[in-house]
1. One residue is enough: does the range 42-49 have a residue meeting the conditions open to solvent by less than 60 Å² (accessible area, probe 1.4 Å), part of a helix (DSSP H, G or I) and modelled with pLDDT under 80?
2. Look at Tyr79 and say whether it is over 17 Å from Ala12 (Cα atoms), among the hydroxyl-bearing types (Ser, Thr, Tyr) and in a helix (DSSP H, G or I).
3. When Leu74 is evaluated against the numbered criteria (1) open to solvent by less than 80 Å² (accessible area, probe 1.4 Å); (2) more than 19 Å from His131 (Cβ to Cβ), which criterion, by number, is the only one it fails?
4. Filter the range 79-95 down to the residues that are in contact (Cβ under 8 Å) with a residue 40 or more places away in the chain and surrounded by 14 or more Cβ atoms within 10 Å (Cβ to Cβ) and list them by number.
5. Pairs under 9 Å by beta carbon, first residue more than 15 Å from Thr145 (Cα to Cα) in the range 21-33, partner open to solvent by 80 Å² or more (accessible area, probe 1.4 Å) and aromatic (Phe, Trp, Tyr), six or more apart or different chains?
6. Test Thr119 against the stated conditions and say whether it is at pLDDT 75 or above and either over 15 Å from the mean Cα position of the chain (by Cα) or not in a helix (DSSP H, G or I) (or both).
7. Of all residues in the range 96-115 being open to solvent by less than 90 Å² (accessible area, probe 1.4 Å) and either modelled with pLDDT of 80 or more or in contact with a Ser or Thr (Cβ under 6 Å, 6 or more places away or on another chain) (or both), which is nearest to Lys144 (Cα to Cα)?
Amino acid sequence: MTGVQTCALPSAVLTTLIEPFIFGKKLRRIDIVSVVAVLAGSIIMTPELSLSNETTTCIILGVVSGVFFMARNLLTRKYASSHSSVNILFWQMVVVALMLAFAPVKANFTYPIRDVGMTLMLGVGFTSIPHVLYSAGLVNSSAKTAGLFGTMLNIYGSLGGYLIHNETIE
C-alpha cells in the first residue's frame, strides 16, 4: 500500500465519522460498516505495534496525515460557499509556507532547466489547478464524498507518472 493510500483511507474514515456531527446530519449504518471495514484493514496491515517497524510507522504517519487532510476537507467545505476556491487555496498555501519556513533546505541548487520546468508543470498543472477544482467541488458535495475521491489520488498520480515520466513499478 502506498503512502497516499495510507493517508487517504484514514482521512475518508475520519471524515465519514465526524462530518455528520459538524454539519448536523445523521450517521448512517453503511458509513459505520465502511469505517469498521477500513479500520479492520488497517489493523490487518499493521505487522506489530512498534515504532521500530517501518510499516507500522508509515501507517501511524498516514493516520496523522489523514487527520490533517480531514480537517482541511471539512474546513474547505464549511467555507467554500462563502469564499472562492482560489482564495481558499491561497490561504492553504500560506499555512503550508509558514509550516515549511523553518524546514532545513539544501543550499546548493543545481537543477537542469528541464527539471525546473517539469516541477512547475507538476506544481501548477497537476497540483494547484486540481486543488482549486477540488475545493470548488466541496460546495456541492459532502466532505465524505471528497475524501473518498481523495483515495483515488494514488491511481491518478501513478497514471500521470507513467504517462509523463514513463515510471514503472520495479
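1. Looking only at the range 42-49, we keep the residues that are open to solvent by less than 60 Å² (accessible area, probe 1.4 Å), and these are 42, 46.
Still in the list and also part of a helix (DSSP H, G or I): 42.
Still in the running and modelled with pLDDT under 80: 42.
Checked the range 42-49: at least one residue is open to solvent by less than 60 Å² (accessible area, probe 1.4 Å), part of a helix (DSSP H, G or I) and modelled with pLDDT under 80.
2. yes
3. (2)
4. Ala80, Ser85, Ile88, Leu89, listed by residue number.
5. From residues that are more than 15 Å from Thr145 (Cα to Cα), there are no pairs.
6. yes
7. If we take residues in the range 96-115 being open to solvent by less than 90 Å² (accessible area, probe 1.4 Å) and either modelled with pLDDT of 80 or more or in contact with a Ser or Thr (Cβ under 6 Å, 6 or more places away or on another chain) (or both), then Val96 is nearest to Lys144 (Cα to Cα).
The values are calculated or read from the model by the stated rules, or taken from the named source; none is laboratory data. Computed from a predicted structure; not experimentally measured. Cβ coordinates were reconstructed from backbone atoms using ideal geometry, including for glycine residues, and neighbour counts include every protein chain displayed. Heavy atoms of the whole protein, side chains included, go into the accessibility calculation; ligands, DNA and RNA do not. Shrake-Rupley method; radii C 1.70, N 1.55, O 1.52, S 1.80 Å.
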